[in-house]
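The values are calculated or read from the model by the stated rules, or taken from the named source; none is laboratory data. Note that the structure is predicted; figures quoted are calculated from it, not measured. Cβ coordinates were reconstructed from backbone atoms using ideal geometry, including for glycine residues, and neighbour counts include every protein chain displayed. Note: accessible area is taken over every heavy atom of the protein model, side chains too, but ligands, DNA and RNA are not part of it. Shrake-Rupley method; radii C 1.70, N 1.55, O 1.52, S 1.80 Å.
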Amino acid sequence: MAKTTSPPVGSQAPAYPMTRKCPYQMPVGYEELRERGPLTKVRLYDGREIWLVLGNEVGRALFPDSRLSSNVLHPGFPFLAPRIAAQTQQRAAPPLVGVDDPEHARQRRMVIPGFGIRRIAALRPEIERIADGLVDEMLDRGSPAELLSQYALPLPSAVICALLGVPYEDRGYFDERSRHVLSSSGEGAAEQARKAFTEILGYLYELVAKKEKQPGDGLIDELITHQLEEGKVDRDELAMICSLLLVSGHETTSNMIALGTVTLLEHPEQLALLRQDDRLLPGAVEELMRFTSIGDVLMRVAAEDIEIAGQTIRAGDGVAMSTMLMNRDPHAWENPDTFDVTRSAGRHVAFGYGIHQCIGQNLARAEMEIAFRTLFRRIPGLRVPVRSEELPLNAPYVLQGVAELPVEW
């Protein structure tokens with residue numbers, strides 16, 4: 001995460017977020033925050049003090065609490081960086097993730113059947129075919145390779161296109177633009193992100209129009225038939241929902257595949273356990289989600305006063321939910337900073353918790369299981385030629401991960 005300045009003299013609220021040196025370790029300063037208890041005050045880039053949720057139990061109580069709002073258009077909603085605030089001011093609230101019930105519940109009911117367990121199970125052979133094909137291409141090119149662009153990104157990108165019914169040949173169009181939407185940094189970042197999102201939205205608006213005339217068999221086609229044509233949603237909202245599913249549906253998983261690969265290679269004894277017993281892999285995916293927590297910070301604003309953990313969150317207060325700190329809570333896990341594929345990590349909140357829990361979690365789990373199984377089976381001598389601390393990291397504030405992942409074998 002980006003470096004922040006020190007808090008002013010006399011301030012009791014440390015600056016937030018902190019710097020991350022190693023891609024899978026807690027950022028510098030998190031250990032100090034963790035000692036402050038399950039709920040504490042921190043200061044944002046603009047000097048505003050907000051609440052930071054660190055404890056797993058407190059977090060699991062607050063996530064589903066209807067008194068905490070996800071509405072990004074609420075006047076008191078906090079933002080981690082000026083770029084994110086500027087993006088939000090330039091467009092409507094993002095569906096699903098940036099709205100509250102009943103609007104959120106209505107939108108979620110529209111898309112949740114497309115990510116059900118049975119549907120994802122039926123998609124597994126296609127995911128396996130794509131993964132094997134990408135490894136074939138890597139092996140044909142030979143060592144060294146860049147794993148993010150050649151495997152970790154194209155795998156979930158191709159899968160979400162197949163699920164939604166987006167033409168595979170258009171996949172490259174989204175990959176670059178999605179990165180700008182989620183991870184642009186530096187001068188002009190807000191405008192770059194806005195332009196990328198507008199282009200994705202425009203493409204999907206046109207795709208919906210084409211599918212109305214020539215239906216296919218993807219989730220977008222189902223939404224057209226059962227939602228758009230029945231008047232339950234208009235074209236603008238449908239295109240927005242599809243944009244969110246497309247962007248989040250492959251960026252999050254691609255970061256987890258890359259970061260998970262680094263983590264496993266940096267813990268050879270844990271990787272050896274997976275090689276010995278493939279049945280450990282589903283649990284290892286949960287542990288990787290707990291240990292890395294790529295979507296570390298989820299923002300909320302209090303709509304009413306909330307009494308919790310001996311503190312009072314006042315109406316209008318900003319609240320940052322740190323999934324990394326909740327997932328490294330020593331009261332929830334023994335030795336939480338140790339990566340252990342045999343651990344029972346089921347209480348992690350890497351997918352969120354409550355009504356806003358990630359819709360695509362079943363798909364993400366399947367993709368990660370297949371990605372790791374295929375990669376380490378097909379390329380047993382895989383290694384990263386540099387130390388993890390030397391890997392370039394993503395731009396700050398959104399998804400934790402590596403911007404590049406050189407590998408050889």
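For segment 289-356, a Kirkwood radius taken over Cα pairs fed into Stokes-Einstein (4 °C, viscosity 1.567 mPa s) yields D = 97 µm²/s. Only Lys, Arg, Asp and Glu carry charge here, each on its Cβ (+1 for the first two, -1 for the last two); on that basis the chain has a dipole of about 300 debye about its Cα centre. To put it simply, the accessible area of the chain at a 1.4 Å probe is 50 percent carbon and sulfur.
Averaging Cα coordinates gives a centre for segment 332-409 and one for segment 209-283; these two points are 15 Å apart.
Close amide H pairs (under 5 Å, H built 1.01 Å from N) link Ser69 with Val301, Ala302, Ala303, residues at least 5 positions away or on another chain. For the chain, the solvent-accessible area with a 1.4 angstrom probe is 43 square angstrom per residue. Taking every DSSP beta bridge that has both ends in the chain, the antiparallel portion is near 85%.
Loop-located GluC sites (Glu not before Pro) in segment 34-121 (DSSP state other than H, G, I, E, B) with a sparse environment of at most 14 neighbouring Cβ atoms within 10 Å: Glu35. Over the chain, dividing the summed -39,500 (n - 2.57) contributions of all DSSP H runs of at least 4 residues by the number of residues returns a 222 nm mean residue ellipticity of -14500 deg cm²/dmol.
Applying a DSSP loop filter and a limit of 12 other Cβ atoms within 10 Å to the GluC sites (Glu not before Pro) in segment 130-237 leaves Glu187, Glu229, Glu230. For Lys21, a cut-off of 19 angstrom between C-alpha atoms picks up these lysines, skipping any fewer than 8 places away in its own chain: Lys3. Here the dipole of segment 356-409 is about 260 debye; that uses its Cα centre as origin and unit charges on the Cβ of Lys and Arg (positive) and Asp and Glu (negative).
Taking θ as phi - 60° and the Karplus parameters 6.51, -1.76 and 1.60, the scalar couplings of segment 308-314 work out to 7, 6, x, 10, 10, 8, 7 Hz in sequence order, x denoting glycine and proline.
Each residue of segment 212-220 was assigned a 3J(HN,Hα) from its phi angle through the Karplus expression (A = 6.51, B = -1.76, C = 1.60, θ = phi - 60°), giving 5, 8, 10, x, x, 10, x, 4, 4 Hz with x at Gly and Pro.
Each residue of segment 163-169 was assigned a 3J(HN,Hα) from its phi angle through the Karplus expression (A = 6.51, B = -1.76, C = 1.60, θ = phi - 60°), giving 5, 7, x, 8, x, 4, 5 Hz with x at Gly and Pro. What relative contact order, as a whole-number percentage, does the chain give when Cα pairs under 8 Å and 6 or more residues apart are counted? Contact order relative to length: 26 percent.
Taking amide H as placed 1.01 Å from N in the peptide plane, Gln400 has its amide H under 5 Å from the amide H of Gly295, Asp296, each at least 5 places away in sequence or on another chain.
Hey, got a sec? Which trypsin sites (Lys or Arg not before Pro) in segment 288-321 land in a DSSP loop and have at most 12 other Cβ atoms within 10 Å? Answer in residue order: Arg314.
Surface listing: Trp333, Trp409 arranged by accessible area from highest to lowest gives Trp409, Trp333, probe 1.4 Å. Here segment 169-273 is treated with +1 on each Lys and Arg Cβ and -1 on each Asp and Glu Cβ, and its dipole about the Cα centre works out to around 140 debye.
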